[in-house]
Structures are given as structure tokens and as C-alpha cells.
Amino acid sequence: MWNCVVCSSKNEASRVRCAECGTPIKDSRLATTRVRPAAETQHAETARPRPSPPSGTTELQAAPPPASEPDAFLVSSLLEVPFPLCRSRIVHLGRAPTNTIVLPVPQVSRVHATISWNQAGFQVADRGSKNGTTVNGETVHRRPLVEGDVIGIGVVEFAFTTKLVNGASTLVNGDTIHEGLTSTSSLAGELRDVRLAEVWQMLELNQKTGRLRVRCGESSGWIYFDGGRAVHAQVGARRGEPAALELLRLNDGCFRFFPTPSIEVERTILRPSSSLLIEAARIADESGEQVA
């Protein structure tokens, strides 16, 4: 077959003039093109090699999300969008390129941790990593996940949520969590503007339940509140009242409160809050410091 250069009509090879406009074949032969059968065209498109992805990438990479409706999300400043979690899929995190979420940093093991669903809900499990896996600053081997938990994979942090409001990534006071993942009553700020003792009293007065995260430089600590009462604190290996007193001494850094429906944690703070706050003020007076 050949195509007419005047009207582009397709003509049988035996014709000497275009069937549509009558242009002689001698004028149209220069534009003769072979029309491929549909099956041949499809085969050619399938066989055409696809461009290879660029090599040497060092950015965090996440596998395409599953087609089913997500049940929860992982949120991090390193991800362009929250990563969806589904009950039917095990998510592998590590440095090796075979992981679901690839974290190309030396502090992360090749096969570091997994997040999966069991009958009780989602859980994170460490896979024998060198630097360990943490939840809210506490090293864990296996831990059920609840709303607002912060998972540490080496130096990379992810927030776990089932209440994603929007997909816009926003850092708040250095926390790798999207603004709006917690309720509108969430509280965040700088210790140079608000003393930690005042934040503590505010949470107690409003009978809040949740976790208060305090960060200063590269270190961070947690204070757990149940109905306004501080019940647990942790800074690295220090737990309970010594950890709470250490946090109350901070005058620099930032804080953020993550409200939760309930708190399941070991009760390591047994004294009333007023007693701890008074002791923190006394220690600060003796050392010439100001209580955070």
C-alpha cells in the first residue's frame, strides 16, 4: 500500500492514481509507506527495550505501593509521599536494594527490619540489625505499633499513622512527622520560648494522654502521660524519675506532644508531678540553672 502525498489517503499498490483525490502515482510514490498489521505493531512496541534507570542513586527508594486500599502509613521527611501499609504485604526496610524501602546509609543494616500485620495489628520486628530498631526511642526486638509511634531504623525515623490527613510533607521542630497526623490539640514548640515544666503542667491540667517528645541536638527523650499524669520517662538507657528530672533541666531544644487514646507502658514514675517539678526546681537552684 502507499499513502498519497496530497490527501494522505491509503491506496492499494495496484492503483496508478489516488482513489480520493486522483493524484498520479508518480507524484505520490515518494511518500509510499508500508502499513504494519496491528499484531506486528504491538509486537514491535513490546520488543522495544526500555531505558535503564540511572545507576549510583543514593536517594531513599520505595517500591510501588500495593493496589489494595492502605490500612496505615509510614511518614518520613525522606519520602516524597507517605508510604502505604496493607495487611496483605510485609514491608522490608534496609540498605540492600531488594528491600521494599531502601535506606542507603551506613548505619542501616542490609536487612534491618520488617513491618507486618498480625491479628492484633501492625508490628515492627528487628531482623538482627547491627544498630537496632527503636520505637519512641526504646530499642525493641518486636513491638506492636499504635497511632503516632516513631520508628527508628538506624538514624532514619518513620512515623506510624492510620489517620493521614493529607500528603504534604511538613517538618515540625525537626520531627519527621507530617503536620496534621495528630489531632488539632497537638502541642509543639521551642524550649527557649516555653519551659518544659509549664508544658508538663498544661498537659496535667487538661488531663491529656499521649507522649511528649523532647529533643536537644542529636539526643531525645520521652515523657508518657495518662490522663494528665506522668507515668513513664526515658532518655537513652535512663528510665523513670531520673530521666524525667534530666529532661526538666533542658533549656534548649524542642518538644512535641503526640496525643493517643491510651498508653500501654510500664509505670516508672510513681511520685506526683508536683513533687518532681519541685525537686527539679531545687536541683536547678543549687546548680544555678533555670528549670526548662
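The values are calculated or read from the model by the stated rules, or taken from the named source; none is laboratory data. A quick note: this is a predicted structure, and the numbers were derived from the prediction, not measured. We place every Cβ from the backbone using ideal geometry, glycine too, and count neighbours over all the protein chains shown. Calculation scope for accessible area: heavy atoms of the full protein, side chains included, ligands and nucleic acids excluded. Shrake-Rupley method; radii C 1.70, N 1.55, O 1.52, S 1.80 Å.
Here are the numbers:
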item: Any hit, the range 112-124, residues being under 15 Å from I153 (Cβ atoms) and in a loop (DSSP other than H, G, I, E, B); result: yes
item: The range 129-147 residues that are open to solvent by 20 Å² or more (accessible area, probe 1.4 Å), paired with ones that are at pLDDT below 90 (beta carbon under 7 Å, 6 or more apart); result: N131/Q107; N131/G154; G137/S220; P144/A120; V146/T260; E147/T162; E147/K163; E147/T260
item: Identity of the residue in the range 172-226, closer than 11 Å to F257 by Cβ and open to solvent by 60 Å² or more (accessible area, probe 1.4 Å), that ends up modelled with the highest pLDDT; result: K208
item: Members of the range 70-79 that are hydrophobic (A, V, I, L, M, F, W, C), at pLDDT below 90 and open to solvent by 20 Å² or more (accessible area, probe 1.4 Å); result: L78
item: All positions within the range 271-292 that are among the basic types (K, R) and modelled with pLDDT under 90; result: R282
item: Residue within the range 254-270 that is farther than 23 Å from V135 by Cβ and either at pLDDT below 85 or open to solvent by 70 Å² or more (accessible area, probe 1.4 Å) (or both) present; result: yes
item: Residue within the range 240-251 that is modelled with pLDDT of 90 or more and either farther than 18 Å from R271 by Cβ or open to solvent by 50 Å² or more (accessible area, probe 1.4 Å) (or both) present; result: yes
item: Odd one out for G121, checked against (1) at positive phi; (2) at pLDDT below 90; result: (2)
item: The range 80-120, subset surrounded by fewer than 19 Cβ atoms within 10 Å (Cβ to Cβ) and among the hydrophobic types (A, V, I, L, M, F, W, C), residue farthest from D149 (Cα to Cα); result: A96
